[in-house]
Amino acid sequence: MSHFAKVGRVPGDPILGLMDAYRLDPNPAKLDLGVGVYKDARGLTPIPHAVKLAEQRLVDTETTKTYVGGHGDAAFGRLLLDLVLGTGNRLEATGRAGATQTPGGTGALRLAAEFITHNLPGRGVWLSDPTWPIHETIFAGAGIKVAHYPYVDATNRLDVDAMLTALEQVPKGDVVLLHACCHNPTGFDLSQDDWRKVLEVVKARELLPLIDFAYQGFGDGLEQDAWAVRLFAEALPELLVTSSCSKNFGLYRERTGALIVCAADAEKLTDVRSQLAFLARNLWSTPPAHGAAVVATILGDASLKAQWVEELESMRKRVADLRRGLVEALQPFGLAERFAHIGEQRGMFSYTGLSPEQVAKLRAEFSVYMVSTGRANVAGLDFSRIDDLAKAIAKVC
Ligand code: PMP
């Protein structure tokens, strides 16, 4: 008998399928705006120099590869809390905030899902529609009821009123997942005024916010991007934040991130953290050490940190300039106004507003690859190709 005879096949990730098609395309002028990683002018995803220097230092000084504890590298946790909540923040000082190191932001979300399902049974999780597809499967996979609040209107523009109206109907006590900045996949971020309104609804409905912070430093800057997280951390007794070091440190494959918990007092934080260590033990036992050691080395050293901040800032600026450049290049075709939102969005992703038919045409006629929803990875573009892309867009519009 075959044990696997009844095992079927699930379709692969559609974005990875897009990457395969791009690779096979012989057109030398092809353009990959699909997969969501930062790329430089050469189309490469670079390792920041600060990371290389920190790695060299670790090679020279590391004395053991024995396990780290269940919450990971303590120095990493402390320094990441400073980065996310602000140096000298009140929560850390009063023992109300703690970080548990996880394999990337995905691991942090997985751990949050386990915590919700085991320790807050019966709570639903509310996701923006649309959101990063893995949000959908992680929470459903943990046995949690997943529901959605609208984020864009029928024309794929940000719709804060619809979002607020929907959140006002969320059952008391449920969990609401919010993107701290650089919303994936749309690129539309809330204004400070919008965030204050969301906070009011969260308070009124007694919701538990889970803020996904995967792109700190890619929106308006390291401190600016943390504004909403800090607003919520100051205003609420309890909060969950998932932080990823994949994009901002270029550490993607090193799987570096953390689940940050803010609790009402130090005693309750210790209770929650004991549960997280217990749950993490069943998931991955202890987290991978290397990426977190790199981050701790950088953040703990003024000169490495300054270098990293500069490198991150140049990645952020490049994407912001590409956005503005594309809108300008669409001007001669009379399309600058129609696509002005691309310049206003933040982070790598853009809901361009192109229809699935237009996306298909871009691919068939110009070898421009993006997700069928019209999501483009702006970082996949280069200044030398902006005019080509503008021409192609004008042709399919
Ligand atoms: N959240 C969002 C919104 C993301 O886009 C990503 C990365 N694509 C993650 C979390 C997780 O990132 P990682 O696990 O690579 O750190």
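So that you can scan it fast, the table gives a plain yes or no per residue for (1) open to solvent by less than 60 Å² (accessible area, probe 1.4 Å); (2) within 16 Å of the ligand (Cβ to nearest atom):
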{"residue": "Asp129", "(1), (2)": "no, yes"}
{"residue": "Val146", "(1), (2)": "yes, yes"}
{"residue": "Asn156", "(1), (2)": "yes, no"}
{"residue": "Thr165", "(1), (2)": "no, no"}
{"residue": "Asp174", "(1), (2)": "yes, no"}
{"residue": "Cys181", "(1), (2)": "yes, yes"}
{"residue": "Pro185", "(1), (2)": "yes, yes"}
{"residue": "Leu190", "(1), (2)": "yes, yes"}
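How many residues are in a loop (DSSP other than H, G, I, E, B) and either modelled with pLDDT of 95 or more or in contact with a strand residue (DSSP E or B) (Cβ under 8 Å, 6 or more places away or on another chain) (or both) when one looks only at the range 1-27? If you could, list the steps in order and put the result at the bottom.
The initial filter retains those residues of the range 1-27 that are in a loop (DSSP other than H, G, I, E, B), namely 1-13, 25-27.
Next, from what is left, pick out any that are either modelled with pLDDT of 95 or more or in contact with a strand residue (DSSP E or B) (Cβ under 8 Å, 6 or more places away or on another chain) (or both): 2-8, 25-27.
Within the range 1-27, residues that are in a loop (DSSP other than H, G, I, E, B) and either modelled with pLDDT of 95 or more or in contact with a strand residue (DSSP E or B) (Cβ under 8 Å, 6 or more places away or on another chain) (or both) number 10.
Specify which of the listed residues (Leu83, Leu58, Leu53) is open to solvent by less than 40 Å² (accessible area, probe 1.4 Å) and over 21 Å from the mean Cα position of the chain (by Cα).
Residue meeting the stated conditions: Leu58.
Taking helices (runs of 4 or more DSSP H) that do not extend beyond the range 142-234, which have at least 2 residues that are touching a Pro at 6+ places or on another chain (Cβ under 7 Å)?
Those helices (runs of 4 or more DSSP H) span 160-167.
Name every residue in the range 352-397 that is within 21 Å of the chain's Cα centre (by Cα) and among the β-branched types (Val, Ile, Thr), in order of residue number.
Thr352, Val371, Thr373, Val378
Of all residues being of a type in the set (Phe, Trp, Tyr) and within 16 Å of the ligand (Cβ to nearest atom) in the range 226-252, which is surrounded by the fewest Cβ atoms within 10 Å (Cβ to Cβ)? Just the residue, please.
Filtering the range 226-252 down to residues of a type in the set (Phe, Trp, Tyr) leaves 227, 232, 249, 252.
Now drop any that are not within 16 Å of the ligand (Cβ to nearest atom), which leaves 249, 252.
Details: Phe249: 25, Tyr252: 17.
Looking at residues that are of a type in the set (Phe, Trp, Tyr) and within 16 Å of the ligand (Cβ to nearest atom), I get Tyr252.
Given Val201, Val152, which one is surrounded by 18 or more Cβ atoms within 10 Å (Cβ to Cβ), β-branched (Val, Ile, Thr), modelled with pLDDT of 95 or more and over 17 Å from Leu236 (Cα atoms)?
Unique residue meeting the criteria: Val152.
Restricting attention to the range 110-124, which residues are touching a residue at least 12 places away in the same chain (Cβ under 8 Å), away from the ligand (no atom under 14 Å from the Cβ) and either in contact with a Leu (Cβ under 9 Å, 6 or more places away or on another chain) or open to solvent by 10 Å² or more (accessible area, probe 1.4 Å) (or both)? Before the answer, list the steps.
Filtering the range 110-124 for residues touching a residue at least 12 places away in the same chain (Cβ under 8 Å) gives 110-120, 123-124.
From what's left, away from the ligand (no atom under 14 Å from the Cβ): 114-120, 123-124.
Once the filter is applied, which keeps residues that are touching a residue at least 12 places away in the same chain (Cβ under 8 Å), away from the ligand (no atom under 14 Å from the Cβ) and either in contact with a Leu (Cβ under 9 Å, 6 or more places away or on another chain) or open to solvent by 10 Å² or more (accessible area, probe 1.4 Å) (or both), the range 110-124 yields Glu114, Phe115, Ile116, Thr117, His118, Asn119, Leu120, Arg123.
The values are calculated or read from the model by the stated rules, or taken from the named source; none is laboratory data. As the structure is a prediction and not an experimental result, all values here were calculated from the model. Positions of Cβ are backbone-derived with ideal geometry, glycine not excepted, and every protein chain shown enters the neighbour counts. Protein only, heavy atoms only, side chains kept; ligands, DNA and RNA dropped before computing areas. Shrake-Rupley method; radii C 1.70, N 1.55, O 1.52, S 1.80 Å.
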